[in-house]
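> Here it is, the structure in full.
Throughout, read-outs are computed from the coordinates displayed, never taken from laboratory work. Small disclaimer: the values here were computed from a predicted structure and weren't measured. For neighbour counting, all protein chains shown are included, and Cβ atoms are generated from backbone atoms with ideal geometry for every residue, glycine included.
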Amino acid sequence: MKDEETTVNPPSNFQNNLIQQGTVSMFHVNLQCISNKVDMINAFLADKKFYDVICFSEHWQTEENLKLINISGFSLANFFCRVEKKQGGVAIYVKENLMYSSLNLNEYNVEQTSEFCAIYIPSMRTNVLTVYRSGNGDCDLFLVNFENVIAFLLNKADKLIILGDFNINFKIKSDSSYDIQNLLMSFGLEITINDYTRITSQSSSCIDNIMTNFSENIYRVGVFEPCFSDHRAQFISIDSDLKVVDTNQSLQRSITSSGLQKLKYALASTKMGFFYDSNNDPDVLMFFLTETYNNLILKFFPLKKVRQTAKITPVQWFNDELRSYRANLSLIKHIADVTKDPDIFKLYKQQKYEYNRQLQNAKKSAYSSFITNSNNKPRDCWKILNFERGNTRSSLVQPDLSPDEINQFFITIAENIITSLPTINNDILFSYRNYPSPSKSFCFRPVVEDEISQIIKSLNNSNCKDVHEINSKILKETHQIVLTPFTHLINLILSTGVSELVKIGGSKAYDFVSRVGQLIISNGQALK
């Protein structure tokens, strides 16, 4: 059946004009291999920061390889990868400030015929489905699976957005286009794209589309030239009454200079004369010291909302020269689409290859300069490596053991090992006769304040904190104020035995105490 006459709108920034602040925006494009287009995708997103969800069809990757792909500022939310056949596959990426959950559609997936993946966005109360059907796939089986997937998703949420490549030309009246339109209408879903999404020198077709059951007055749709695919991308933008949850915002306790001054003054005003009573229990003194720190830290360093930085490229390598090159590339593609001149399509392909090469060179040059000028080369090398190897957000697995169970394991591990060993001769006289005495021995001597001060100063600077909110910075800033009672407490522990709190505590103060055991031996030398 002959294609309709092609009318192609000129390339423009119309999607920028349609997509406004206070909207949730997403787009779909058929990639035909994502691995050789990552730089072009990231360059595109450098100027299009308003997208929240990206849907790709035909990523052509295995599961292992797809997880290594890093789209700047986005996380891989869900995907389907072929196992038996090559190519194909679908994937959904979400911006790192968008809360989502992935949905399992494995029972409906058939390689080449019906390839699906979906996510649920709770802040929108909406499911998002990405679809790919190969032109060689069974259309009847696709329609059956597609119907089942839609029913499954609408049973979970009232609203649904479908983005994908169906390889059914929606611009032509055919049995396949009628069947899919009737299916969608039965669920109250509307086909929204009526523009050409794939244009070659031989044909023009609308085989990619977006379907939804949102009211027409709250969304806008369109197509645009992404300059990294032979398909035109399709986008949808939905009005702002559906808020996006900002998961990049967290509560943090910032250690400020003014707070430290207040903490020092409060510590200096705390009465600690009772530390030197002869009948004091080390556990009681340790508890008093850590609780004093904890209460003052909570008072002078309150929790505040802090915006975390998304995982974006550590070096901004996309520049105006590359931006201009891409604009010219888009213009060449538009001329090719209108004229259908094979030579212009060939020129576009050559220029797209050259554009990708220039992107790679610009990135390499920027990374090289970044590392060369760095004052901490290993750290900054790891920044680049972690970005390029595709570290993505994932849900953390909660441990099955409680903190008390973990502590108890390490407290009793020596005893458990001893009891598990074979029975040996416990006769003391036998041991004296058969085992030589140690050639060296040691005993602890009392420590002095200067030694305690030096150890505290040697602690590494770290933002890590214990259950009492104490970190090494706070300890180093305030130790002179509590140095005398703290030194007395250490000597009390050395003379009476290590308290239970020290054994199981895990605080910076407790960590410090554990180091004292290596500090002094009978000859007065410090062991590090």
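> Beta carbons within 10 angstrom, averaged per residue: use that to sort the peptides 226-233, 198-205, 468-475, highest first. If you can, show how the numbers build up before the last one.
Working: 226-233: 22.4, 198-205: 16.2, 468-475: 19.9.
The peptides rank, most packed first, as 226-233, 468-475, 198-205.
> For a protection proxy built on the mean count of beta-carbon atoms within 10 angstrom, sort 408-417, 43-52 highest first, please.
Working: 408-417: 10.5, 43-52: 18.6.
Result, highest mean Cβ count within 10 Å first: 43-52, 408-417.
> Where does each of 429-437, 267-275 land if you order them by average Cβ count within 10 Å, highest first? Working shown, then result.
On the way: 429-437: 8.4, 267-275: 12.4.
The peptides rank, most packed first, as 267-275, 429-437.
> Applying 1/(1 + (r/R0)^6) with R0 = 60 Å to the Cβ-Cβ distance of Asp343 and Ser458, what FRET efficiency is obtained, to the nearest 0.05?
0.25
> In cubic angstrom, how much convex hull volume per residue do the alpha carbon atoms of segment 14-238 span? Write down the numbers at each step before the final one.
Values: hull volume 27.2 nm³, N = 225.
Dividing the Cα hull volume of segment 14-238 by its residue count gives 121 Å³.
> Alpha carbon centre of segment 68-108 versus segment 138-177: separation in Å?
The two parts, judged by their Cα centres, are 19 Å apart.
> Work out, step by step, the length gained on full extension between Asp283 and Val498: first 0.36 nm times the residue separation, then minus their alpha carbon distance; give nm to one decimal.
On the way: separation 215, 0.36 × 215 = 77.40 nm, distance 0.90 nm.
Extra length from Asp283 to Val498 when fully extended: 76.5 nm.
> Return the FRET efficiency for the residue pair Asn361, Phe430: r is the Cβ-Cβ distance, R0 is 45 Å, and the value is rounded to the nearest 0.05.
Working: r = 77 Å, r/R0 = 1.71.
So, using R0 = 45 Å, E works out to roughly 0.05.
> How many nm separate the modelled label positions at Ser369 and Glu415, each set 7 Å beyond the Cα in the direction of the Cβ?
That separation, rounded to one decimal, is 6.4 nm.
> Work out, step by step, the length gained on full extension between Ser35 and Asn376: first 0.36 nm times the residue separation, then minus their alpha carbon distance; give nm to one decimal. All intermediate terms of the calculation are to be shown ahead of the outcome.
Details: separation 341, 0.36 × 341 = 122.76 nm, distance 3.01 nm.
Full-extension gain reported as 119.7 nm.
> At q = 0.21, 0.23, 0.24 Å⁻¹, what base-10 log of I(q)/I(0) does the Debye formula yield for segment 320-388 when every alpha carbon is treated as an equal point scatterer in vacuo?
Results for segment 320-388 at q = 0.21, 0.23, 0.24 Å⁻¹ read -0.84, -0.93, -0.97.
> Once you have the Cα-Cα distance between Ser123 and Tyr353, take 0.36 nm times their residue separation minus that, and quote the gain in nm to one decimal. Working shown, then result.
Working: separation 230, 0.36 × 230 = 82.80 nm, distance 3.98 nm.
Here the answer is 78.8 nm.
> Under a crude label model (7 Å from the Cα following the beta-carbon direction), how far is Glu107 from Thr270 in nanometres?
Taking the two extended label points, one gets 5.9 nm.
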